[in-house]
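**Q** First, the structure itself, so that you have it in front of you.
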Amino acid sequence: MRLRLALALSRYAGQVLTPDLARAILREVEGADRTIDGRRFGQEAFDGYLIAAETVAGNEAALVPLQAACHEETRPGAPFDHQFDFARQREAERAGHLVLFTARVASTGELVGVLRVRVFQPDGCAHLEVTDDLFYIRPAHRNWLAVHLWRFAERSMFNLGVRAVSFDSLSITGADRMARYLGYTPVATKFTKVAQDACDYQQVPQRRPRGDSHGAMASH
């Protein structure tokens, strides 16, 4: 976004900024709108809920509490300032790289579940793949809603033409049971280190305490 803005401004350097010129610059900065139209996926009604594809744009305020709750539940102790770069999310959405699936209470419209996925093309491949970026259901609305929300998104993405869908299951949530139920195959184990202070490497965990077995070391 910043690069496109800099290039657009350089092309009009020295000209008087008029409303028409401002709109021309804005069109160049925003680029072509490749937002994936969620209406093509339809909607699904389930047990008093309505599942559909929406956009980040226009839903920012409703998304904030769910994103914050997801972080607090799944990454306890990890640094978090409750700030969200919705501008970057909207930019990814306009580029066709992000799709937002939602679950709402049908009678009130309350947003109680969200699944945000990223659409990408792996290096060296001609096909598209999808991975989840945010998956959260409010505790009072869990049980089978999570399965129906994920299935709706999965079906929508495969019908769109993606070749593979990946699901990140955090150990703390036990969501791997749902992944296996839905037919996913475990292919990797992901390890993470968290720095409490990004400027102090001494606070980053280095190794297990002496005497705490870590198993055989891999050859690589």
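**Q** Please compute the modelled spin-label separation between Arg142 and Lys190, points set 7 Å along Cα→Cβ, answer in nm with one decimal.
**A** 1.9 nm
**Q** Which trypsin sites (Lys or Arg not before Pro) from the range 140-205 combine a DSSP loop assignment with at most 16 other Cβ atoms within 10 Å?
**A** Here the sparse-neighbourhood loop sites are Arg142, Arg163, Lys190, Lys193.
**Q** Same structure again: Sorted by accessible area (1.4 Å probe), largest first, how do His71, His148 line up?
**A** Listed by decreasing accessible area, they come as His148, His71.
**Q** To continue, here is another question. Extending each Cα 7 Å along its Cβ direction at Gln206 and Phe46, get the distance between those two points in nm, one decimal.
**A** For Gln206 paired with Phe46, the spin-label model returns 4.8 nm.
**Q** For Trp150, Trp144, write out the residues from largest to smallest accessible area, computed with a 1.4 angstrom probe and no ligands counted.
**A** Most to least solvent-accessible, the answer reads Trp144, Trp150.
**Q** Can you give me the long-range amide H partners of Tyr49? Hydrogens built in the peptide plane at 1.01 Å from N, cutoff under 5 Å, separation of 5 or more residues or another chain.
**A** Ala106
**Q** What whole number of Å gives the distance from the Cα centroid of the range 33-65 to the Cα centroid of the range 123-141?
**A** With the range 123-141 and the range 33-65 each reduced to a Cα centre, they are spaced 14 Å.
**Q** What's the FRET efficiency of Leu21 with Glu60 using the Cβ-Cβ distance as r and R₀ = 30 Å, to the nearest 0.05?
**A** 0.55
**Q** Another one. Quick one: order Ser169, Ser107 from most to least accessible surface, probe 1.4 Å.
**A** Result of the area sort, largest leading: Ser107, Ser169.
The values are calculated or read from the model by the stated rules, or taken from the named source; none is laboratory data. Nothing here was measured: the structure is a model prediction, and the numbers come from that model. Note that each Cβ is placed from the backbone with ideal geometry, even for glycine, and that neighbours are counted across all protein chains shown. With ligands, DNA and RNA removed, areas are computed over all heavy atoms of the protein, side chains included. Shrake-Rupley method; radii C 1.70, N 1.55, O 1.52, S 1.80 Å.
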